Amino acid sequence: SQQGEEDPQALSIQEGENATMNCSYKTSINNLQWYRQNSGRGLVHLILIRSNEREKHSGRLRVTLDTSKKSSSLLITASRAADTASYFCATDDKAGTALIFGKGTTLSVSS
Amino acid sequence: NAGVMQNPRHLVRRRGQEARLRCSPMKGHSHVYWYRQLPEEGLKFMVYLQKENIIDESGMPKERFSAEFPKEGPSILRIQQVVRGDSAAYFCASSPRGTEEEQYFGPGTRLTVT
């Protein structure tokens with residue numbers, strides 16, 4: 001089934017460094033979304049990028065989408081300890097009725 | 001504007017009992033989604049509902065699981081005769097118009113089956 005797969009599974013960096021996470025998916029999409037989940041909490045929406053968009057920014061976040069390669073990346077610049085969380089990409093399914101999540105990238109930012 | 005509310009936050013049930021999970025969407029949202037998350041896993045879609053209608057239940061196990069979103073009141077995810085494998089975090093999300101927009105997630109209900 002269509003699914004976003006994040007890479008790497010885990011990432012450890014120092015405060016102030018940039019963090020890049022990648023997501024690949026299998027079939028055509030209408031949009032791709034990135035979410036953050038702090039340990040034991042619900043998901044927080046970060047960015048939605050539509051299939052006709054190539055890049056989107058929100059504060060320290062930058063998302064790119066390459067539909068020819070069926071991939072997306074999330075860049076967090078100047079990371080902070082508070083960015084420590086799991087990050088998931090999600091794509092809409094063929095019927096457009098559900099979000100399909102990957103297994104996530106666990107980011108750890110140490111001070 | 002209150003966010004998506006779920007209750008209870010934690011639920012412990014013995015094998016064979018029923019679990020009932022509630023979700024109140026954000027004000028003005030008529031689309032509700034239920035997801036299940038196992039430890040160290042991403043979220044798995046279960047069911048998508050609009051008021052009084054099930055739109056897509058392709059992720060729901062065929063037996064023991066049911067969901068509803070009545071005209072009045074919260075959406076309910078019901079699990080009958082729970083088994084240990086049902087232990088997971090269950091998240092509800094809502095949106096105003098469907099998956100073409102972002103979904104707003106509740107804090108989840110952590111179900112433990114003993």
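The numbers here are math on the coordinates, done by the rules we state, and not lab data. Predicted model only: the values in this text are computed from it and were never measured. Every residue, glycine as well, gets a Cβ built from its backbone with ideal geometry; the counts of neighbours run over all protein chains shown.
Could you run the Karplus curve 6.51 cos²θ - 1.76 cosθ + 1.60 with θ = phi - 60° over the range B:102-114 and give me ³J(HN,Hα) per residue in whole Hz, x for Gly and Pro?
With the stated coefficients, the range B:102-114 comes to 5, 10, 9, 9, x, x, x, 10, 9, 9, 10, 9, 9 Hz.
Over all directions, the average projected area of the alpha-carbon convex hull for chain A comes to how many nm²?
Averaged projected hull area, Cα only: 6.5 nm².
In this model, which of A:26/A:56; A:70/B:44; A:103/B:62; A:103/B:71; A:69/B:44; A:70/B:27 are farther than 32 Å apart at the alpha-carbon?
A:103/B:71; A:70/B:27
Eigenvalues of the Cα gyration tensor times 5, then square-rooted: what semi-axes does that give for the range B:1-99, in whole angstrom, largest first?
Those come to 22, 14, 14 Å.
Amide H of residue B:56: which non-local residues (sequence gap of 5 or more, or other chain) have their own amide H closer than 5 Å, using H built in the peptide plane?
B:48
Give me, ordered by chain and number, the residues 5 or more places off residue A:17 or on other chains with an amide H under 5 Å from its own placed amide H.
A:79
Report, largest value first, the span of the C-alpha coordinates of the protein assembly as shown along each principal axis, in whole Å.
The Cα atoms of the protein assembly as shown stretch 49, 37, 35 Å along the principal axes, largest first.
Mind listing the phi-derived Karplus ³J(HN,Hα) values for the range A:53-59, rounded to whole Hz, using 6.51, -1.76 and 1.60 with θ = phi - 60°, and x for any glycine or proline?
Values per residue, Gly and Pro as x: 9, 10, 8, 8, 10, 8, x Hz.
Please give me the summed charge of the neighbours of residue B:18: other residues whose Cβ is under 10 Å from its Cβ, Lys and Arg +1, Asp and Glu -1.
After counting each charged neighbour, the total is +4.
Per-residue HN-Hα couplings for the range B:17-27, Karplus 6.51 cos²θ - 1.76 cosθ + 1.60 at θ = phi - 60°, whole Hz, x for Gly and Pro?
7, 9, 10, 10, 10, 10, 9, 10, x, 5, 4
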